[in-house]
Amino acid sequence: MPKMTMVQSLNLALRQEMEKDDRVIVLGEDVGLDGGVFRVTDGLFQHFGAQRSVDTPLAEAAIVGMSIGMAAYGLRPVCEIQFSGFSYQAFHQIENHAARLRWRSRGRFSVPMVMRTPCSGGVRALEHHSESREAYYAHTPGLKMVIPSGPRNARALLVSAIRDPDPVIFYEPKSLYRAFREEVPEEEEAIPIGTSQIVREGSDITIISYGPMMRPTLEAASVLKEKDGIEAEVIDLLTISPLDDALFTASVRKTGRAVIVHEAPRSFGPGAEVVSKIMEKSFYYLEAPIARVAGFDVIVPLFNRENAYLPNADRILREARQVLAA
Amino acid sequence: MPRTRIVIPDEIDHISILDEEGNLDSGLEPDISDETLLRLHHFMLLGRRFDERLLSLQRQGRVGTFAPISGQEATQLGAAAILRPSDWLVPAFRETAAELWRGRSMESVILYFNGYAEGVDIPEDRNDFPISVPVGSQILHAVGVAWSIRYRGKDDVALAFFGDGATSQGDFHEGLNFAGVYEIPAIFVCQNNQWAISVPRKHQTRSETLAQKAIAYGIKGVQVDGNDVLAVYAAASEAAQRARSGGGATFIECVTYRMSVHTTADDPRRYRSDEEVELWQKRDPLNRFQKYLTAKGLMSDEKIEMAENTVKEEIQAAVDRAEERMKTPGDPLYMFEHAYAQMPPHLIEQREYLARELSEQKKG
């Protein structure tokens, strides 16, 4: 199996889906000739032509709005918003139309589109290039919200997103684009949207995370094992909405303890929803208060201070130990 | 009912005063004092050399990602030069020369592009907005400022900068429309540098010019040679005069060129030809202005060399000051400042949490 970065594996997913289905069209700013500012769409323009790898004028609302029309017509647009920080310029199209057209037309029209966008911090970028705002999208009825954590699951989730009958917001953690390689099979592989995965089994504590925070979470789990003799069960949500609560609530019934980790701001973040699900479904099994490790409720600072903002293995470890001590 | 024709303006002016060789159309030469001409030269040179220095620092890992301005000095300075201290400047993110003209320090620019919040340093006596990255979004703020200026009965203006890519954004069209409806003292300066990252101006819009878009909104539109500082100055002066006297807004398209990269994360060789870049190098705004000043007796080879040395020293001093400052990392707790007028309880809690974590880290 070839080893790929996330950039390459996403490119593979796009290439194979475009090969298989001429309804799949890639569009966005600089996605054509330039191959995308992170090179995720590299080579698609040369291989499939300008009709299927479409450079657009600079207008996020138009990119999303046009994708909605294309999807309603029967195509499968995969649009790119260059950075998630610029997706708010398209937010009215996402909330008012992408999320609602199926409902508003009583099922006559649907919006099988994907909005791909690089998210989250850790790359020493300028303002608006470091946020994690998945909660906006997860909070919007009618949307699906997906965040992969590595090359292999990124490919398998993007395939599902493209084939999904509803609009999918697909966050790509830009700090993971070239951070590491994984074996990615050439043959088709898809992970159903709405399913989480246990990536490390354990019985003492459940740590739930996703996207860019999976690596520090797994690092913390290793330290817990080596230094504390603690077996942490680690769950990768993969999809934020619809949230797969079966796996983590069952895990907490086994471990009695839980920590949720995300880069997004703490208040009203995905962690709050996870905690609520645990309270609803696993309350009587809890042995300690649940901890949240999250970004602070401030604008992500410019990069000189960014490391202090981003949750890391130490912070996860400290919170996990408190939960274990309670 | 017959089919009739409605006559709308179908022409816009194009202003060019200094050609590539520095030859002057003296009939159009704006009345600019020698002092201002020399000041313009100083900042054009400073803008260029500082840009080059930032790029070299970036390549050495001493500056983070930034958007170079080389080639666009005349557009930025010709427009900024018409502003009074009390006027409002609403920049995008590629206007470093204009910001320096308005009093921002080079040191602050270096700090900012090294991820220091301290690099946001708006001069006390200027009403200049900080840079705005989401393309075109700031245009509407200039509209709001201009509306307020009129409401308060002042004769100030609000000047917004943006690029050719921004003219595709809804915010641009909404901004120009509002400006037309309210007849407000706004000046919209488009730095048409031909490229929105990899997308050329001809793929941004089918319109022959960007300036003509003003016609649809009932405001004055004009296209100028954006590499000709005299032309930009003349158009901006005219726009300011119109705005201050209640004549409404103006859209100025400055035809210029991004001689460098979009940002330091970009590789233009992927999408544009060396021949094109060479063509525009011949139209360099700094060279032709120096030729003009030399012909006027204000500059000479010797004086240009002196000016180069002065600028070099200023830049070195700023780099030294900034690097000295950056020996101390920013206090992480500062991230909680300026979130709200008064820090709410949950942020006080989070600030204390981070403070505890930092002190534990210190103890090791």
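The values are calculated or read from the model by the stated rules, or taken from the named source; none is laboratory data. Worth saying up front: this structure is predicted, and the values here are computed from it rather than measured. Backbone-built Cβ (ideal geometry, glycine too); neighbour counts: all protein chains shown.
Which one is nearest to the chain's Cα centre (by Cα) among residues in the stretch A:11-44 that are closer than 23 Å to A:Val184 by Cα and without any contact (Cβ under 8 Å) to a residue 24 or more places away in the chain?
A:Gly35
Which residue, of A:Leu58, A:Leu101, A:Leu27, A:Leu44, is closer than 20 Å to B:Arg269 by Cα and touching a helix residue (DSSP H, G or I) at 6+ places or on another chain (Cβ under 7 Å)?
Numbers: A:Leu58 fails: closer than 20 Å to B:Arg269 by Cα; A:Leu101 fails: closer than 20 Å to B:Arg269 by Cα; A:Leu27 fails: closer than 20 Å to B:Arg269 by Cα.
One residue alone meets the criteria, A:Leu44.
Of all residues being touching a strand residue (DSSP E or B) at 6+ places or on another chain (Cβ under 6 Å) and among the aromatic types (Phe, Trp, Tyr) in the stretch A:157-200, which is farthest from A:Gly74 (Cα to Cα)? Just the residue, please.
Filtering first and then ranking leaves A:Tyr171.
Among (1) surrounded by 11 or more Cβ atoms within 10 Å (Cβ to Cβ); (2) on the phi < 0 side of the Ramachandran plot; (3) within 27 Å of the chain's Cα centre (by Cα), there is one condition B:Glu357 misses while meeting the rest; what is its number?
(3)
Please list, ordered by residue number, the strands (runs of 3 or more DSSP E) wholly in the stretch A:199-263 having 3 or more residues that are not β-branched (Val, Ile, Thr).
Details: elements: A:205-209, A:232-236, A:239-241.
By residue number, A:232-236.
Checking B:Arg62 against (1) charged (D, E, K, R); (2) within 14 Å of the chain's Cα centre (by Cα); (3) outside any helix (DSSP H, G or I), which test does it fail?
Going through the list (1) charged (D, E, K, R); (2) within 14 Å of the chain's Cα centre (by Cα); (3) outside any helix (DSSP H, G or I), B:Arg62 breaks only (2).
State whether one or more residues within the stretch A:117-125 are modelled with pLDDT under 95 and under 18 Å from A:Glu60 (Cβ atoms).
So far as the stretch A:117-125 goes, yes, one or more of its residues are modelled with pLDDT under 95 and under 18 Å from A:Glu60 (Cβ atoms).
What residue, of B:Ala97, B:Ala67, is assigned to a helix (DSSP H, G or I) and either under 18 Å from the mean Cα position of the chain (by Cα) or modelled with pLDDT of 95 or more (or both)? Step through it out loud before you land on a result.
On the way: B:Ala67 fails: assigned to a helix (DSSP H, G or I).
Of the residues listed, the single one that is assigned to a helix (DSSP H, G or I) and either under 18 Å from the mean Cα position of the chain (by Cα) or modelled with pLDDT of 95 or more (or both) is B:Ala97.
State all residues of the stretch B:254-308 that are in a helix (DSSP H, G or I), away from chain A (no Cβ under 14 Å), of a type outside the set (A, V, I, L, M) and under 25 Å from A:Asp30 (Cα atoms); if no residue qualifies, say none. Talk me through it step by step, then tell me what you get.
Initially, the stretch B:254-308 is screened for residues in a helix (DSSP H, G or I), giving B:268-270, B:274-281, B:285-295, B:301-308.
Remaining after also requiring away from chain A (no Cβ under 14 Å): B:274-281, B:285-295, B:301-308.
Add one more test, that the residue is of a type outside the set (A, V, I, L, M), and what stays is B:274-276, B:278, B:280-281, B:285, B:287-292, B:294, B:301-303, B:305, B:308.
Hits for the stretch B:254-308 are B:Asp274, B:Glu275, B:Glu276, B:Glu278, B:Trp280, B:Gln281.
State all residues of the stretch A:142-174 that are assigned to a loop (DSSP other than H, G, I, E, B), of a type outside the set (D, E, K, R) and over 11 Å from A:Thr239 (Cα atoms); if no residue qualifies, say none. Before the answer, list the steps.
Quick first cut of the stretch A:142-174, residues assigned to a loop (DSSP other than H, G, I, E, B) only: A:142-143, A:147-150, A:164-167.
Keeping just the survivors that are of a type outside the set (D, E, K, R) gives A:142-143, A:147-150, A:165, A:167.
Listed by number, the residues that qualify are A:Gly142, A:Leu143, A:Gly150, A:Pro165, A:Pro167.
Which one of these is crowded, with 22+ Cβ neighbours inside 10 Å, of a type outside the set (Ser, Thr, Tyr) and modelled with pLDDT of 95 or more: A:Ile299, A:Ile316? Steps first, please.
Numbers: A:Ile299 fails: crowded, with 22+ Cβ neighbours inside 10 Å.
Going through A:Ile299, A:Ile316 in turn, the sole match is A:Ile316.
Specify the residue that is nearest to the chain's Cα centre (by Cα); the eligible residues are those in the stretch B:1-18 that are modelled with pLDDT under 95 and among the acidic types (Asp, Glu).
Once the filter is applied, the top-ranked residue is B:Glu11.
As an exercise: evaluate B:Tyr217 against (1) among the aromatic types (Phe, Trp, Tyr); (2) within 17 Å of B:Asn177 (Cβ to Cβ); (3) touching a residue at least 60 places away in the same chain (Cβ under 8 Å) and give the number of the one condition it does not meet.
(3)
Every residue in the stretch B:119-164 that is under 14 Å from the mean Cα position of the chain (by Cα) and within 14 Å of chain A (Cβ to nearest Cβ), please.
Within the stretch B:119-164, B:Phe129, B:Pro130, B:Ile131, B:Ser132, B:Val133, B:Val135, B:Gly136, B:Gln138, B:Ile139, B:Phe162, B:Gly163, B:Asp164 meet the criteria.
So for the stretch A:206-213 (the condition being farther than 30 Å from A:Val64 by Cα, among the aliphatic types (A, V, I, L, M) and either modelled with pLDDT under 95 or surrounded by 18 or more Cβ atoms within 10 Å (Cβ to Cβ) (or both)), does at least one residue qualify? Break it down stepwise before answering.
At the first step, the residues of the stretch A:206-213 found to be farther than 30 Å from A:Val64 by Cα are A:206-208.
Still in the list and also among the aliphatic types (A, V, I, L, M): A:207-208.
In the following step, the residues that additionally are either modelled with pLDDT under 95 or surrounded by 18 or more Cβ atoms within 10 Å (Cβ to Cβ) (or both) were identified as A:207-208.
Within the stretch A:206-213, one or more residues are farther than 30 Å from A:Val64 by Cα, among the aliphatic types (A, V, I, L, M) and either modelled with pLDDT under 95 or surrounded by 18 or more Cβ atoms within 10 Å (Cβ to Cβ) (or both).
Checking the structure you have, find out if any residue of the stretch A:251-262 is charged (D, E, K, R) and within 14 Å of chain B (Cβ to nearest Cβ). Walk me through how you get there before you give the answer.
Just the residues of the stretch A:251-262 that are charged (D, E, K, R), to begin with: A:253-254, A:257.
If we keep only those that are within 14 Å of chain B (Cβ to nearest Cβ) too, we end up with none.
So far as the stretch A:251-262 goes, no, none of its residues is charged (D, E, K, R) and within 14 Å of chain B (Cβ to nearest Cβ).
Could you run through the stretch A:104-138 and say how many residues are in a loop (DSSP other than H, G, I, E, B) and in contact with a helix residue (DSSP H, G or I) (Cβ under 9 Å, 6 or more places away or on another chain)? Even if it seems obvious, please write down each step before you answer.
Looking only at the stretch A:104-138, we keep the residues that are in a loop (DSSP other than H, G, I, E, B), and these are A:105-113, A:120-133.
Applying the additional criterion that residues be in contact with a helix residue (DSSP H, G or I) (Cβ under 9 Å, 6 or more places away or on another chain) yields A:105, A:108-113, A:120-133.
The total comes to 21.
I'd like the residue in the stretch A:37-81 that is polar (S, T, N, Q) and assigned to a loop (DSSP other than H, G, I, E, B) and, out of all such residues, is nearest to the other protein chains (Cβ to nearest Cβ).
Taking the stretch A:37-81 first, the residues polar (S, T, N, Q) are A:41, A:46, A:51, A:53, A:56, A:67.
Still in the running and assigned to a loop (DSSP other than H, G, I, E, B): A:41, A:51, A:56.
Details: A:Thr41: 12, A:Gln51: 14, A:Thr56: 8 Å.
Looking at the filtered set, the residue picked out is A:Thr56.
Looking at the stretch A:82-124 only, could you name the residues that are in contact with a Phe, Trp or Tyr (Cβ under 7 Å, 6 or more places away or on another chain) and within 11 Å of chain B (Cβ to nearest Cβ)?
Filtering the stretch A:82-124 for residues in contact with a Phe, Trp or Tyr (Cβ under 7 Å, 6 or more places away or on another chain) gives A:84, A:101-102, A:114-119, A:124.
The one that is in contact with a Phe, Trp or Tyr (Cβ under 7 Å, 6 or more places away or on another chain) and within 11 Å of chain B (Cβ to nearest Cβ): A:Arg124.
Would you pick out the residues in the stretch A:140-155 that are touching a residue at least 60 places away in the same chain (Cβ under 8 Å) and not β-branched (Val, Ile, Thr)?
Start the filter on the stretch A:140-155 by keeping residues that are touching a residue at least 60 places away in the same chain (Cβ under 8 Å), which leaves A:143-155.
A:Leu143, A:Lys144, A:Met145, A:Pro148, A:Ser149, A:Gly150, A:Pro151, A:Arg152, A:Asn153, A:Ala154, A:Arg155 - these are the residues of the stretch A:140-155 that are touching a residue at least 60 places away in the same chain (Cβ under 8 Å) and not β-branched (Val, Ile, Thr).
All but one of (1) without any contact (Cβ under 8 Å) to a residue 40 or more places away in the chain; (2) buried (at least 24 other Cβ atoms within 10 Å of the Cβ) hold for B:Ala239, so report the exception by its number.
(1)
Is it true that B:Lys282 is of a type in the set (Lys, Arg), at pLDDT 95 or above and surrounded by fewer than 20 Cβ atoms within 10 Å (Cβ to Cβ)? Spell out how you get there, then give the answer.
On the way: of a type in the set (Lys, Arg): yes; at pLDDT 95 or above: yes; surrounded by fewer than 20 Cβ atoms within 10 Å (Cβ to Cβ): yes.
It is true that B:Lys282 is of a type in the set (Lys, Arg), at pLDDT 95 or above and surrounded by fewer than 20 Cβ atoms within 10 Å (Cβ to Cβ).
How about the stretch B:23-62: which of its residues are free of Cβ contacts under 8 Å to residues at least 60 places away in the same chain and either within 14 Å of chain A (Cβ to nearest Cβ) or β-branched (Val, Ile, Thr) (or both)?
Within the stretch B:23-62, B:Thr36, B:Leu54, B:Gly61 meet the criteria.
Of the residues that sit in the stretch A:80-117 and are at negative phi and among the charged types (D, E, K, R), which one is surrounded by the fewest Cβ atoms within 10 Å (Cβ to Cβ)?
Just the residues of the stretch A:80-117 that are at negative phi, to begin with: A:80-105, A:108-117.
Imposing the further condition that a residue be among the charged types (D, E, K, R) reduces the set to A:80, A:95, A:100, A:102, A:104, A:108, A:116.
Details: A:Glu80: 26, A:Glu95: 17, A:Arg100: 18, A:Arg102: 19, A:Arg104: 13, A:Arg108: 9, A:Arg116: 28.
Once the filter is applied, the top-ranked residue is A:Arg108.
Which residues, counting only those in the stretch A:296-326, are of a type in the set (S, T, N, Q) and either touching a strand residue (DSSP E or B) at 6+ places or on another chain (Cβ under 8 Å) or facing another protein chain (nearest Cβ under 7 Å) (or both)?
Listed by number, the residues that qualify are A:Asn304, A:Gln322.
Conditions tested, residue by residue: (1) in contact (Cβ under 8 Å) with a residue 12 or more places away in the chain; (2) more than 20 Å from the chain's Cα centre (by Cα); (3) on the phi > 0 side of the Ramachandran plot.
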position	(1), (2), (3)
B:Leu210	yes, no, no
B:Gln223	yes, no, no
B:Val232	yes, no, no
B:Arg244	yes, yes, no
B:Glu253	yes, no, no
B:Arg258	yes, no, no
B:Asp267	no, yes, no
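What number of residues in the stretch A:264-302 are in a helix (DSSP H, G or I) and more than 22 Å from the chain's Cα centre (by Cα)? Full working, then the answer.
At the first step, the residues of the stretch A:264-302 found to be in a helix (DSSP H, G or I) are A:270-285.
When the remaining residues are screened for being more than 22 Å from the chain's Cα centre (by Cα), the result is A:279-285.
Summing the residues that are in a helix (DSSP H, G or I) and more than 22 Å from the chain's Cα centre (by Cα) in the stretch A:264-302 gives 7.
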